[in-house]
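Take a look at the structure below.
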Amino acid sequence: MVQVTPAAAPVPQSRSRRRTIAVALAVAIAALAVGVATALWHRGGDDAVRDGTAVLNLVLPDAQGNEQALAQWRGKVLVVNFWATWCAPCREEMPQFVAMQTRDAAKGLQFVGIAVDDPAKVQAFAREVNLNYPTLIGGYGAIELSKTLGNDLAALPFTVVLDRRGRVVDTQLGPFKKAKLDAVLARLLLQGSQPPAAGS
């Protein structure tokens, strides 16, 4: 006769151990949420000035297939926006960029779009929103470039702001709030319009 030993019943965990695990899990989730929020909304700023040579050295085709060097806009306040037609937040913020380009072009502002998209779709969308600034075709390689500029999540939209000296002075992952971008641009455009200080 074969004797069958009943399976051991699980030992119940104490309430304090379960509470400790629940608290640790809640703390871990909160830390992750804070990290993601920080990455999304607090990128760049005045204390994060970086060299923008990688951006200015880019040569990409426009939607008509003509090569365009970003260096042609050296000396301007340059706003480079990585976007795609399939990206809803990208589409929503672009009319604001069109308005800012119209308003501040004479002061030395230049927006440039880098699309992670098909040229035909880019052309159609450009007509739809009356795009008044160049948009270049970066393809999926543009995402890799944006990662070197701080787009750690490889998400869109991602925007880089360069001053007249070609330095990256701000980056934004996710839509750029109008008030924030207005403040950044006003400061940078004013800097370029002032005569140099004596002895500088």
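All of the numbers you see were taken from the coordinates with simple rules; none came from a lab. On a predicted model such as this, the values are computed, not experimentally measured, just so you know. Glycine gets a Cβ as well: all are built from the backbone with ideal geometry, and neighbour counts include every protein chain shown.
Full extension of the segment from Ala154 to Ala69, taken as 0.36 nm per residue of separation minus the current Cα-Cα distance, would add 28.3 nm.
Select from the range 82-164 those chymotrypsin sites (Phe, Trp or Tyr not before Pro) which occupy a DSSP coil region and have at most 16 other Cβ atoms within 10 Å, ordered by residue number. Sparse-neighbourhood loop chymotrypsin sites (Phe, Trp or Tyr not before Pro): Trp86, Tyr140.
The length gained on full extension between Leu190 and Thr53, counted as 0.36 nm times the residue separation minus their Cα-Cα distance, comes to 47.1 nm.
Using a/c under 1.5 as the rounded threshold, could you call the range 44-193 rounded, prolate or oblate? The axes a ≥ b ≥ c are square roots of the C-alpha gyration tensor eigenvalues, and prolate needs a/b larger than b/c, oblate otherwise. Cα axes put the range 44-193 in the rounded bin. Among residues other than Trp83 with Cβ under 15 Å from its Cβ, the summed charge is -4 (Lys and Arg +1, Asp and Glu -1). With each label modelled as a point 7 angstrom along the Cα→C-beta vector, the Asp182-Asn130 pair spans 2.0 nm.
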